[in-house]
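S.K.: Let me give you the structure first, and then I'll get to my questions.
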Amino acid sequence: MERLYAHLQARDPGEPEFHQAVGEVLETLGPVLAARPELIDAAMLERLTEPDRQLMFRVPWQDDSGRVRVNRGFRVEFNGALGPYKGGLRFHPSVSLSVVKFLGFEQVFKNALTGLNLGGGKGGSDFDPHGRSDAEVMRFAQSFMTELYRHLGEHTDVPAGDIGVGGRELGYLFGQYRRITGRWEAGVLTGKGLGWGGSPGRVEATGYGNVLFAREMLLRRGEDLEGLQVVVSGSGNVAIHSVEKAQAFGANVLTVSDSSGYVVDDKGIDLALLKQVKEVERGRVSDYAERRGSSARFVPGGSVWDVPADLALPSATQNELDAGAAHVLIRNGVRAVSEGANMPVTPDAVRLFQEAGVSFGPGKAANAGGVAVSGLEMRQNAGRELWTFERVEQELTRIMTELHANVAETADRYGAPGDYVTGANIAGFERVADAVLAQGLV
Ligand code: GLU
């Protein structure tokens, strides 16, 4: 495994995020490879760390002043053994091939853990939608789809949202796909609007799912969410719906954040105000603090992890919680950390939590609720059905509870009780590897 890791680093040197994601998985696979040497003979690690294909393309568009801009678009179709490639699109200046490969790699195992038939992929662009007009976002999305459409299809590759891609962007993308292909193909994208093929509960799913996963971890420790102090980072879709679900379980959520700093609200986050500021006005968390009154203050540039809590839900972006932050959280008595974002906790910090006996839920397990409900959206589209919110939530709860049990049981079976990282990696890996083996030299 060390040889393979060194080979990956040498072959694609500029891809630190991808190497980090692969390294975290390789580190935990020893026990399953020892038990199943046929996977080594089949070069399974080499096959699962090389994407099926990687697409990069130019996205030219015109801004409101008439100036021509050029961004880069990506889609990495990582592994299709379990189903059509499935995974979101991220529009953010930090997006690079390395970031998309890391996200695609994680997505393969995450999707496997949902128990649904979904392959894994990811895409996006270094385009920054912040501060852009609706018309600019539309022109960009149309240009992006004009290149990407030929690689998509309900049985081929099914994107969704991620950072910077929400309902507005998905609407423009779907419209352009429809115009180019002449097909009203609902199942080609998930996260669609409720009136045109979307699923109730998809917007809420990632945040709700993460809280459900965290709750299962806490229940295993003999605790529940009721009355716990919770810190949430981020203020996008995942963060907002983590706040909502944690509050529904009676927890006191103290914080949200964005790239400029964080808000701590002693009375607990006012969800209606947060939604108004972020979802309606597309504002900053500092606007929330200004309007909230004396219970809330905005801390510019600070670390949200300085706020003492029982449960931490990092829900912003990769590598936002490092070893220094982990030390502070542990000192303040944190008992569970569950990743709402993809890889928000650095490997050093993960190790610190595990050594301190803090329950740690890795993103590929904890935040799988989003893609799981995407799978339910595809099921509704295929059957031309529209389920109720209650039915979707019930299914999501079942999926997250079973996923937690599967991961915990796998960790026990491989001699690592309580280690959700090992459990998630091995359970996801085995499901994908078995499908690849059964399908021959693919
Ligand atoms: N972007 C989300 C994730 O990281 C959702 C992907 C999807 O629904 O396809 O899992």
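S.K.: Would you check which residues across region 115-129 are under 13 Å from residue 152 (Cα atoms) and charged (D, E, K, R) and list them?
M.R.: 122
S.K.: Next up: Return yes or no: is residue 178 without any contact (Cβ under 8 Å) to a residue 24 or more places away in the chain and not in a strand (DSSP E or B)?
M.R.: yes
S.K.: Just to confirm my filter: which helices (runs of 4 or more DSSP H) fall fully inside region 196-295 and include at least 2 residues that are at pLDDT 95 or above, crowded, with 22+ Cβ neighbours inside 10 Å and aromatic (Phe, Trp, Tyr)?
M.R.: So the answer is 202-220.
S.K.: Among all residue pairs at least 6 apart or on different chains, which show Cβ distances below 6 Å where the first residue, located in region 83-94, is farther than 17 Å from residue 140 by Cβ and the second is of a type in the set (Val, Ile, Thr) and more than 11 Å from the ligand (Cβ to nearest atom)?
M.R.: Matching pairs, first to second residue: 84/156.
S.K.: Within region 299-329, which residues are surrounded by fewer than 19 Cβ atoms within 10 Å (Cβ to Cβ) and of a type in the set (Asp, Glu)?
M.R.: Correct list: 306, 322.
Listed here are the residues, each with its yes/no results for (1) polar (S, T, N, Q); (2) in contact (Cβ under 8 Å) with a residue 12 or more places away in the chain; (3) over 27 Å from residue 213 (Cα atoms).
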| position | (1), (2), (3) |
| --- | --- |
| 297 | no, yes, yes |
| 304 | no, yes, no |
| 312 | no, yes, no |
| 319 | yes, yes, no |
| 341 | no, yes, no |
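S.K.: I need the full set of residues from region 71-95 which are polar (S, T, N, Q) and touching a strand residue (DSSP E or B) at 6+ places or on another chain (Cβ under 8 Å), in order please.
M.R.: 71, 79
S.K.: Return the total of residues in region 181-192 being in a loop (DSSP other than H, G, I, E, B), under 24 Å from residue 83 (Cβ atoms) and either more than 11 Å from the ligand (Cβ to nearest atom) or not polar (S, T, N, Q) (or both).
M.R.: Count: 6.
S.K.: While we're looking at this one, here's another question. Given the criteria of a type in the set (Ser, Thr, Tyr) and touching a residue at least 60 places away in the same chain (Cβ under 8 Å), does residue 262 qualify?
M.R.: No: the conditions fail for residue 262.
S.K.: Do any strands (runs of 3 or more DSSP E) entirely within region 42-156 hold 2 or more residues that are among the basic types (Lys, Arg) and away from the ligand (no atom under 16 Å from the Cβ), and if so, which?
M.R.: Passing ranges, in order: 53-62, 68-79.
S.K.: So, residue 390, is that one part of a helix (DSSP H, G or I), over 22 Å from residue 161 (Cα atoms) and free of Cβ contacts under 8 Å to residues at least 24 places away in the same chain or not?
M.R.: In short, yes.
S.K.: Within region 314-334, identify whether any single residue is over 15 Å from residue 103 (Cα atoms), within 22 Å of the chain's Cα centre (by Cα) and basic (Lys, Arg), and answer yes or no.
M.R.: no
To keep it simple, each residue is scored yes or no on (1) under 19 Å from residue 222 (Cα atoms); (2) charged (D, E, K, R); (3) buried (at least 23 other Cβ atoms within 10 Å of the Cβ).
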position	(1), (2), (3)
340	no, no, yes
352	no, no, no
391	no, yes, no
400	yes, no, yes
404	yes, no, yes
409	yes, yes, no
412	yes, yes, no
419	yes, yes, no
434	no, yes, no
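S.K.: Follow-up question, since we're still on this one. Looking at region 219-243, which of its residues are under 16 Å from residue 316 (Cα atoms) and of a type outside the set (Gly, Ala, Ser)?
M.R.: 230, 231, 232, 237, 238, 240, 241, 243
S.K.: From 320, 339, 402, grab the single residue that is modelled with pLDDT of 95 or more and over 26 Å from residue 259 (Cβ atoms).
M.R.: Going through 320, 339, 402 in turn, just one is modelled with pLDDT of 95 or more and over 26 Å from residue 259 (Cβ atoms): 402.
S.K.: Consider residue 170 carefully, then state whether it is outside any strand (DSSP E or B), within 29 Å of residue 284 (Cβ to Cβ) and within 15 Å of the ligand (Cβ to nearest atom).
M.R.: Yes: the conditions hold for residue 170.
S.K.: Being at pLDDT 95 or above and closer than 15 Å to residue 101 by Cβ narrows it down to one residue among 29, 8, 45, 33; which is it?
M.R.: Criteria check complete, one pass: 8.
Here's the yes/no breakdown for (1) buried (at least 18 other Cβ atoms within 10 Å of the Cβ); (2) polar (S, T, N, Q):
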residue: 95; (1), (2): yes, no
residue: 113; (1), (2): yes, no
residue: 118; (1), (2): yes, no
residue: 125; (1), (2): yes, yes
residue: 129; (1), (2): yes, no
residue: 133; (1), (2): no, yes
residue: 139; (1), (2): yes, no
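S.K.: Could you grab me the full set of residues in region 227-248 that are farther than 19 Å from residue 400 by Cα and not hydrophobic (A, V, I, L, M, F, W, C)?
M.R.: Answer for region 227-248, where residues must be farther than 19 Å from residue 400 by Cα and not hydrophobic (A, V, I, L, M, F, W, C): 227, 229, 233, 234, 235, 236.
S.K.: Within region 364-379, is even one residue in contact (Cβ under 8 Å) with a residue 24 or more places away in the chain and surrounded by fewer than 18 Cβ atoms within 10 Å (Cβ to Cβ)?
M.R.: no
S.K.: Among (1) closer than 25 Å to residue 46 by Cβ; (2) part of a helix (DSSP H, G or I); (3) in contact with a Pro (Cβ under 9 Å, 6 or more places away or on another chain), which single condition is residue 408 missing?
M.R.: Condition not satisfied by residue 408: (1).
The values are calculated or read from the model by the stated rules, or taken from the named source; none is laboratory data. Bear in mind that the values here come from a model prediction, so they are computed numbers and not experimental data. Glycine gets a Cβ as well: all are built from the backbone with ideal geometry, and neighbour counts include every protein chain shown.
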